[in-house]
Amino acid sequence: ASEKGTIIRVFDTVTCTVLRELRRGTNPAIIFCLNFSSDSSMLCVSSNHNTVHLFSLNEGKKKKTPLRKLSLPGEVSFSRFQLPFCTKKAEVCICAFGPQPESIIAVSSDGGYCKFNFDRLHGQCTRQTCSLYLEMND
């Protein structure tokens, strides 16, 4: 990820060439986690903005967005969701693809667990479950 956390570059590890340049957003962020799907067709990214972004790594039509009109570099995420249990930007969250197809699991440092299902074609995300396992007092 870039220093500002707005651009994520995927490299070919053999040739060291950039395969994809992905845009998480325009506001600077600290990237906590990057995870590839088991078939390497997708990437999930979590940051200190308490969001998880999903990127398709397959070749195909690029999503048309207002950012693209401004000529900002990078492909944008096809889906993103806000984590309901993260209330502070300092809470670390990791994300990974679940064992079921088109599922994402996110776990936060405050004991939160969420599972989301996503629609690869339309970019919709639905929360399946969300639990807080630790009660932390300030």
query = Looking at residue 58, is it under 15 Å from residue 130 (Cβ atoms) and at pLDDT below 90?
reply = no
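If we keep just the residues of region 50-62 that are among the polar types (S, T, N, Q) and part of a loop (DSSP other than H, G, I, E, B), which is surrounded by the fewest Cβ atoms within 10 Å (Cβ to Cβ)? Please lay out each step first, then the result.
Taking region 50-62 first, the residues among the polar types (S, T, N, Q) are 50-51, 56, 58.
When the remaining residues are screened for being part of a loop (DSSP other than H, G, I, E, B), the result is 50, 58.
Numbers: 50: 20, 58: 10.
My answer is 58.
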request  = Give the residues of region 2-25 that are acidic (Asp, Glu) and in contact with a strand residue (DSSP E or B) (Cβ under 8 Å, 6 or more places away or on another chain), sorted by residue number.
outcome  = 12, 21
Whichever residue in region 1-34 is part of a loop (DSSP other than H, G, I, E, B) and of a type in the set (A, V, I, L, M) and, among such residues, is surrounded by the fewest Cβ atoms within 10 Å (Cβ to Cβ) = 14
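Please work out if residue 130 is part of a strand (DSSP E or B), surrounded by 15 or more Cβ atoms within 10 Å (Cβ to Cβ) and more than 13 Å from the chain's Cα centre (by Cα).
On the way: part of a strand (DSSP E or B): yes; surrounded by 15 or more Cβ atoms within 10 Å (Cβ to Cβ): no; more than 13 Å from the chain's Cα centre (by Cα): yes.
Considered against the rule, which asks whether it is part of a strand (DSSP E or B), surrounded by 15 or more Cβ atoms within 10 Å (Cβ to Cβ) and more than 13 Å from the chain's Cα centre (by Cα), residue 130 comes out as no.
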query = So which residues in region 66-112 are surrounded by 14 or more Cβ atoms within 10 Å (Cβ to Cβ), over 17 Å from the mean Cα position of the chain (by Cα) and either hydrophobic (A, V, I, L, M, F, W, C) or modelled with pLDDT under 65 (or both), if there are any at all?
reply = 67, 68, 72
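Just one of 37, 41, 47 is surrounded by 20 or more Cβ atoms within 10 Å (Cβ to Cβ) and of a type in the set (S, T, N, Q); which is it? Give the derivation first.
Working: 37 fails: surrounded by 20 or more Cβ atoms within 10 Å (Cβ to Cβ); 41 fails: surrounded by 20 or more Cβ atoms within 10 Å (Cβ to Cβ).
Only one candidate passes the filter, namely 47.
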note = Filtering region 95-134 for residues that are of a type in the set (A, V, I, L, M, F, W, C) and closer than 16 Å to residue 42 by Cα leaves a count of 10
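The values are calculated or read from the model by the stated rules, or taken from the named source; none is laboratory data. Quantities reported herein were computed from a predicted structural model and do not represent experimental measurements. Cβ atoms come from the backbone with ideal geometry, glycine included; neighbour counts cover every protein chain shown.
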